[in-house]
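Undergrad: Please read through the structure below; I'll follow up with questions.
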Amino acid sequence: MPATVFLIGVLSLILLFWVERISSRLHIDEMLVDAVKDVQIHTATAHLRLEEIIRGEPEVEVSRVLAELDQALQLINVILEGGAVENDYWITEPLKDPELRARADVIRTLLSRFKAISLDRLHDSKRSGSSSALYLQFHSIFGELLSKTRQLEDIIEQDKLENQKKSRQLFLGIPAIWALIVITATAGLWNRERQRKRAEENLFMANEQLLIQAEELTIHRGHLAELVDARTAELAAVNEHLRAEISEREQAEAALKESEQQLQLLSSRLMTAQETERKTISRELHDELGHALTIMKLRLRSVERGLQGNAEIKNKCEDIIDYIDQTIENVRRLSRDLSPAILEDLGLTAAIRWLVDNFNRNFEGAISLTMDDVDPLFSGDDQIMIYRVLQEALTNVGKHANATDVSVVVRKLEGVVTFCIEDNGRGFNPPRSFGTDVAVKGLGLAIMEERVRMLRGTLEMQSQEGKGTRIAFNVPTRKE
C-alpha cells in the first residue's frame, strides 16, 4: 500500500509538471500568434497610411507611419529573443525552434527593407507613383511580408494544436495508470491476505508439532542426562590417559633435546680434536718426515758425488733424488692441507686467496675471487671452521662438478659475512642429496652444515641437474 501511494504521488507530480509545462507552452504559442498578427496589422497600417501620404492627404503624419514600422520591427525582435509585448503581456523565453527562428529572421529582414523603401518613397513621393519601379518593389516586399507572417502564424498554430493534443492524451493516460496501479495494489493486498491466512494455519500446525516434540524432548532429556554422565566418565578416563601420554612425550622430548645438545657438544669437540690432530700430523709430516726425506736426499747426493766413473748409477741416483723432491713436495702439500700454516700466520683472507690459487693450479677452467678483508671479524677457531667449509666446497667442485667456470665471493655486510661458491657444472638434485639423512646427503655436505651451524650461521644450497650448483652461507661477525 505505501508503494501504491508513493507511485500515485509521483504520477501526480509528473502530471502537474507536464500540465504546467504544456500550459506554459500553449500560453507562449498564443502570445507568439498574437505578436505575429500584430506584426501584420502594423505592417498593413503603415502601408495604408504611406499610400495616403503619397496621394497627398494632409491629415496623415509621416511619424505615424514610421512608428508603425518600428513597432512591427520591435515585435519581430521580441518574437525572436523574448520580452515585453504591447498591451502589457510578455513572451517569457526566446524562440528555440530553428525553423521558426529562420522564418522570423527572414521577416525581420523584409521589414527592414520595407522600412528603407518606405523612407525612399516618402522623400520622393512625386516619382514613386503607381507606375514607378520603387512602387512595384514596395508592393512586392509588402506581399512577401504578409505571406511570410501568415506562414509563421500557421506553423505556430499547428504547434499549439499538437500541444493541446498532448495535453488531452496526458490527462487521459494518467488516470488510466492510476486505475491500473490501484487494481494491481488491490490484487496484491488480496493475495497477501490469503498468504497471511495460510501462514497462520501453517504456524498453528507447527505449534502443535512443537508441543508434541517438546513432550518427546522432555522424555529424552532424562535419558540424555544418563548418557552424558556415562560419557563424561569415559572422557575423564581418556583425558587422564592422554595426560599420562603427554607427560611421557614431554619427558622424551626433554631427553631428546638433552641428547641433541650432547651430540652437538660432542660434534664440536670432535671437530676441535680433529683440527688439533690435523695440526699434529701436519707438524710431524713437515718436521719429521720432511726432515728425514731431506737428509736422505743429501746423503744420496753425497753418494752420487762419490760415483765418479759409473754414469749409469749416477743417473739412477738423479732419478731417485727427483722422486725424493716430488715426495717432499707431496708431504708439504699434505701438511698444508691438513693445517695450512698461512691461516695462522697471515689470517683468513690470505688463506682463502692461497686456497683459490692452489685450486686454480689443478683446475682446467676459469676461477674468479671477489673478497673483502674479514680477518678482524672472526676468532681463530671460527676462521678455521670457515676455511674448512670453503675447502670442502672447492674439493667437491673439483671432484664432481666438471665445471668450466667457478666464482668465489666473500662480502662483508652489517653484522654478517656472506660466502658464496658458484659453478656451472653438471649439478645434482638437492632434495635427494641434501636431505636430513647423513647417508643420503653425504658426509662432506653434513660436515659443512654442522660447521656452519657451530658458527651460528645458515647454509643454503641451490642446484639443478645440468645447470650448476650454488652454495652460500652467512656467518655473524664475532671479534676475538
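Every read-out reported here was derived from the displayed coordinates using simple, explicitly stated rules and does not represent laboratory data. This is a predicted model, so every value here is computed, not measured. Cβ atoms come from the backbone with ideal geometry, glycine included; neighbour counts cover every protein chain shown.
Undergrad: With label points built 7 Å along Cα→Cβ from the Cα atoms of residue 375 and residue 319, find their separation and express it in nm.
TA: 4.6
Undergrad: What's the local net charge at residue 29, with K and R +1, D and E -1, over the other residues with C-beta under 9 Å away?
TA: Result for the local shell: -1.
Undergrad: Sort 296, 461 by Cβ crowding within 10 Å, fewest neighbours at the top.
TA: Final ranking by Cβ density, sparse to dense: 296, 461.
Undergrad: Please give the Cα centre distance for the stretch 137-199 versus the stretch 97-126, rounded to the nearest Å.
TA: For the stretch 137-199 versus the stretch 97-126, the Cα centre distance is 38 Å.
Undergrad: Please order 410, 397 by the number of other Cβ within 10 Å, starting at the fewest.
TA: With the fewest neighbours first, 410, 397 line up as 410, 397.
Undergrad: I would also like to ask the following. Among 138, 202, 163, flag the residue with its Cα farthest along the positive direction of the charge dipole of the stretch 128-242, charges on Cβ as +1 for Lys/Arg and -1 for Asp/Glu.
TA: Final value for the positive-end residue is 138.
Undergrad: Assuming R0 = 30 Å, can you tell me the calculated FRET efficiency for the pair residue 165 and residue 106, based on Cβ-Cβ distance, to the nearest 0.05?
TA: 0.60
Undergrad: Per 0.36 nm of contour for each residue apart, how much would the distance between residue 470 and residue 63 grow if the chain were fully extended, relative to their Cα-Cα spacing?
TA: Extra length from residue 470 to residue 63 when fully extended: 135.3 nm.
Undergrad: Taking neighbour counts of Cβ atoms within 10 Å as a proxy for exposure, in what order, fewest first, do 157, 226 appear?
TA: Ranked by crowding around the Cβ, least crowded first: 226, 157.
Undergrad: So if R0 is 51 Å, what FRET efficiency would residue 413 and residue 200 give, r being the distance between their Cβ atoms, rounded to the nearest 0.05?
TA: For residue 413 and residue 200, the calculated efficiency is 0.05.
Undergrad: What does the convex hull of the Cα atoms of the stretch 345-476 come to per residue, in Å³, rounded to a whole number?
TA: Cα-based convex hull of the stretch 345-476, divided per residue, equals 100 Å³.
Undergrad: Right, something else. If packing is taken as the mean number of other Cβ atoms within 10 Å per residue, what is the order of 361-373, 134-146, highest first?
TA: Going from most to least packed, we get 134-146, 361-373.
Undergrad: Need the full-extension length gain, residue 93 to residue 281, defined as separation in residues times 0.36 nm minus the C-alpha distance. One decimal, nm.
TA: 56.0 nm
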